[in-house]
Amino acid sequence: MKKLVVTMTFVTLPFAACTVPGVVGNQDTVIVSNVDELVAAIERANAEGNLEILLEDGTYTLDDMLWVEGANVTVRSRSGNRDAVVIEGAGMYGPVSHVFNVTGDYFSSEDMTVGRVANHGIQIHGNADCDYPRVINLRFIDTGEQMLKVSYDPGNAAASNGGLVENCLFEYTAGVGPQYYIGGVDGHRAYDWTVRGNTFRFIRSPDGDLAEHAVHFWSDSRGTVVEKNVITDCDRGIGFGLGDSGHTGGMIRNNFVHTTRDVGIGLENAFGADVYNNSLYTEGYPNSIEYRFGGTSGASIINNLANAAITSRDGGSGTLDANVTDAAADWFVDPTEGDLHLASSVPSVVDRGETLVDVADDIDEQTRPQGPAYDIGADELP
Ligand SMILES: [Ca+2]
Ligand SMILES: [Ca+2]
Ligand SMILES: [Ca+2]
């Protein structure tokens, strides 16, 4: 038993870099200030692994995507200012498909803007068993397809484990995307990923078609945690599963979700998902949350605050408790801009929620409960 615990610790602490010899080593650091130096640094990273690449402020315009095959490679701005370092292609209709195409484990990208490419800002190759990527404080803009993609191969069992996407901004600068096959974070066969504290806006299709969700995990993904994100002016909000392509387990909690064309949270053939304490403002669609198809069972949908219905479709089943689905616009600070903080102490919301051990705080990281009981929705009033 003791041996098993040691093994688990080894696996679940991937970033204790110095303590995992043979997997992750100490990084050398290289500073670059133009695109040729960046490309050379990536080549070194692929040959040697264990390299931190710091970018001086500026715009880095690529002639070709950056393949990252080395393990434990970090790419980030030296200044820490994500608006001051831009790595870009030649636009959504240009010849550069990606900024980063990643197969190496422990890839970390931080504090930059990436985009203006034909396909993806970052693609994590689960099909190549690429594990433990970190995507932190990036701004993703203007990609021809999904901004951050986790790919898989139906013909092999490899999956991407343990990714973290935190404090990023995903947006189309024109207020709309180029087509329907777009999304924010799009994970296929991703295991135990966390998407936390990000903002998604204008993930929208230009015509009658629907864009993918701002956050979507499917194709047998499992254990996804989606929390404390703000989604606004998007076609669809958060999805676990789609059609026959399902999801297992996972948690969706403490998110603000404003959508304009379709569902805020959608479970489709999603087994055992927990949907706790989200606030949803849904325009142009009758349902804020749907749990759908026979493969959706064991869903637990509790303490959500919405202005539209929470609805089973096509045989989806679950447990519902303490949800409020008649929220008015003026209950929220600025609902059509995605600010779903409570504007006042609404009696049917404040102190009316169930106590949930899996929801220790709110979207502002305020401890729950304040006052005698949990508030419903993502915002606990102080
Ligand atoms: Ca893996
Ligand atoms: Ca309370
Ligand atoms: Ca609060």
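The values are calculated or read from the model by the stated rules, or taken from the named source; none is laboratory data. All of these numbers come straight from a predicted model, not from anything done at the bench. Here the Cβ positions follow ideal geometry from the backbone for every residue, glycine too, while neighbour counts run over all protein chains shown.
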Among the residues of region 348-382, which ones are surrounded by fewer than 16 Cβ atoms within 10 Å (Cβ to Cβ), closer than 18 Å to SER300 by Cβ and free of Cβ contacts under 8 Å to residues at least 40 places away in the same chain?
-> THR355, VAL357, ALA360
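Tell me, which residue of region 233-256 that is touching a residue at least 60 places away in the same chain (Cβ under 8 Å) and over 14 Å from SER221 (Cβ atoms) is surrounded by the most Cβ atoms within 10 Å (Cβ to Cβ)? Walk me through how you get there before you give the answer.
Here is the first cut: in region 233-256, the ones touching a residue at least 60 places away in the same chain (Cβ under 8 Å) are 233, 251, 253-256.
Cutting the leftovers down to over 14 Å from SER221 (Cβ atoms) gives us 233, 253-256.
Values: ASP233: 21, ARG253: 24, ASN254: 28, ASN255: 31, PHE256: 26.
Restricting to residues being touching a residue at least 60 places away in the same chain (Cβ under 8 Å) and over 14 Å from SER221 (Cβ atoms), the top hit is ASN255.
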In region 86-102, which residues are surrounded by fewer than 24 Cβ atoms within 10 Å (Cβ to Cβ) and more than 19 Å from the chain's Cα centre (by Cα)?
-> VAL86, GLU88, ALA90, GLY91, MET92, TYR93, GLY94, PRO95, VAL96, SER97
Here the qualifying pairs (Cβ atoms under 7 Å; residues six or more apart or on different chains; first in region 89-114 and free of Cβ contacts under 8 Å to residues at least 40 places away in the same chain and more than 14 Å from ASN46 (Cβ to Cβ); second of a type in the set (Lys, Arg) and part of a loop (DSSP other than H, G, I, E, B)) come out as ASP111/ARG82; THR113/ARG82
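Within region 39-59, can you find the residues that are surrounded by fewer than 18 Cβ atoms within 10 Å (Cβ to Cβ) and at positive phi?
Here is the first cut: in region 39-59, the ones surrounded by fewer than 18 Cβ atoms within 10 Å (Cβ to Cβ) are 39-40, 43-44, 47-48, 50, 56-59.
ASN50, GLY58, listed by residue number.
For region 43-99, how many residues are hydrophobic (A, V, I, L, M, F, W, C), outside any strand (DSSP E or B) and more than 11 Å from VAL117 (Cβ to Cβ)?
Of region 43-99, the ones hydrophobic (A, V, I, L, M, F, W, C) are 45, 47, 51, 53-55, 62, 65-68, 71, 73, 75, 84-87, 90, 92, 96, 99.
Next, only the ones that are outside any strand (DSSP E or B) stay: 45, 47, 62, 65, 71, 84, 90, 92, 96.
Pick out the ones that are also more than 11 Å from VAL117 (Cβ to Cβ) and you get 45, 47, 71, 84.
Total meeting the criteria: 4.
Got a number for residues in region 160-208 being small (Gly, Ala, Ser), surrounded by fewer than 24 Cβ atoms within 10 Å (Cβ to Cβ) and either within 16 Å of ligand 1 (Cβ to nearest atom) or without any contact (Cβ under 8 Å) to a residue 24 or more places away in the chain (or both)? Talk me through it step by step, then tell me what you get.
Quick first cut of region 160-208, residues small (Gly, Ala, Ser) only: 160, 162-163, 174-175, 177, 183-184, 187, 190, 197, 205, 208.
Within this subset, residues satisfying the condition of being surrounded by fewer than 24 Cβ atoms within 10 Å (Cβ to Cβ) are 162, 174-175, 197, 205, 208.
Add one more test, that the residue is either within 16 Å of ligand 1 (Cβ to nearest atom) or without any contact (Cβ under 8 Å) to a residue 24 or more places away in the chain (or both), and what stays is 162, 208.
Here the count works out to 2.
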Looking only at region 139-164, which residues are closer than 16 Å to ARG222 by Cα and aliphatic (A, V, I, L, M)?
-> VAL150, ALA157, ALA158, ALA159, LEU164
Selection count where residues are in a loop (DSSP other than H, G, I, E, B) and more than 10 Å from ligand 2 (Cβ to nearest atom), scope region 335-372 | 16
Could you count how many residues in region 347-360 are under 19 Å from VAL324 (Cα atoms) and either among the hydrophobic types (A, V, I, L, M, F, W, C) or within 16 Å of ligand 3 (Cβ to nearest atom) (or both)?
-> 7
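Per-residue answers, yes or no, for (1) over 19 Å from VAL75 (Cα atoms); (2) in contact with a helix residue (DSSP H, G or I) (Cβ under 6 Å, 6 or more places away or on another chain); (3) outside any loop (DSSP other than H, G, I, E, B); (4) modelled with pLDDT of 95 or more:
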residue: VAL135; (1), (2), (3), (4): no, no, yes, yes
residue: GLN146; (1), (2), (3), (4): yes, no, no, yes
residue: LYS149; (1), (2), (3), (4): no, no, yes, yes
residue: ASP153; (1), (2), (3), (4): yes, yes, no, yes
residue: GLY187; (1), (2), (3), (4): yes, no, yes, yes
